Amino acid sequence: MQRFERLLFFLVFMILLSPVCRLGIPHVDNLFRLAFIILLASVVHRFRINQPYPWVYWGLLVPLLVSGLSSWIFPLNSVLITADFSLFILFGLYCVYSLFHYIFDQRLFTDNQMFWGAACGYVVFGITWGAFYHTLYIFLPQSFTNVSHWTDFLYFSFVTLTTMGYGDIAPVHPLARMLSIVEAMFGVLYTSLLVAKLVGLYALHQQPLGSNQYSNEVEENSRSTV
């Protein structure tokens, strides 16, 4: 199993386990967030040398771990909680950017690997945008309806990203609506671009083996006649 397949498996597995956080078990929320951070950091670290701005990786990861541990020790400190969520969002967006930059580099791997990497980037974006909604809810408690836990924002994020729109949770504040619009647009455009990229790679790999040889012969004949 390739690393992108493993990453996708663990991401989906943790999403399926997220309802456990609603049981009221102490420190489960922090453990889940820390597991997400370690999972993303371990994968990005393996290919970050191919990415621009590699210093951003450590510049976000180290403060994120510090703020996460600090908010764990001081759970009622609103400043630490805000810093922790903000750094988590920035690090998640950096991971999404790194994944997209890596998977769309055609020179690196085949279309099969690109598919698994693109699926990972899609899921990571949904998780990160869910944290974005939750951060907005901390400052504006009336920005969403029918929410009571951070897992509600994870659910709402993927419902919006896939443009399903069940309507059980609704953004009320204008800023929440704008964030929902951006995520819905990203979901549609990303799927379209990914399909176009996969079709292009498939067409490239399906070229006849002798096509290059034929084109070289035609070019040589044209030169000889000139």
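Read-outs: derived from the displayed coordinates by stated rules, not from any lab. None of these values were measured; they are calculated from a predicted model. Positions of Cβ are generated from backbone atoms using ideal geometry, with glycine treated the same way; all protein chains shown enter the neighbour counts.
With θ taken as phi - 60° and the coefficients 6.51, -1.76 and 1.60, list the Karplus ³J(HN,Hα) couplings across region 57-67 in order, rounded to whole Hz; mark glycine and proline as x.
So the J values, rounded to whole Hz, are 4, 6, x, 9, 5, 5, x, 5, 5, 5, 5.
I need the fraction of alpha carbon pairs in region 3-204 separated by more than 28 Å, rounded to a whole percent. Before the final figure, lay out the partial values.
Numbers: 5632 of 20301 pairs.
Beyond 28 Å sits 28 percent of the P(r) for region 3-204.
In whole Hz, what ³J(HN,Hα) sequence does region 134-146 give by Karplus (6.51, -1.76, 1.60; θ = phi - 60°), x for Gly and Pro?
Values, residue by residue: 5, 5, 4, 5, 4, 7, 10, x, 9, 7, 9, 10, 6 Hz.
How much net charge surrounds Tyr190 when only the other residues with a Cβ under 12 Å from the Cβ of Tyr190 are counted, with Lys and Arg +1 and Asp and Glu -1? Don't skip to the end; give the middle numbers.
Working: positive: Lys197; negative: Glu183.
So the surrounding residues net to 0.
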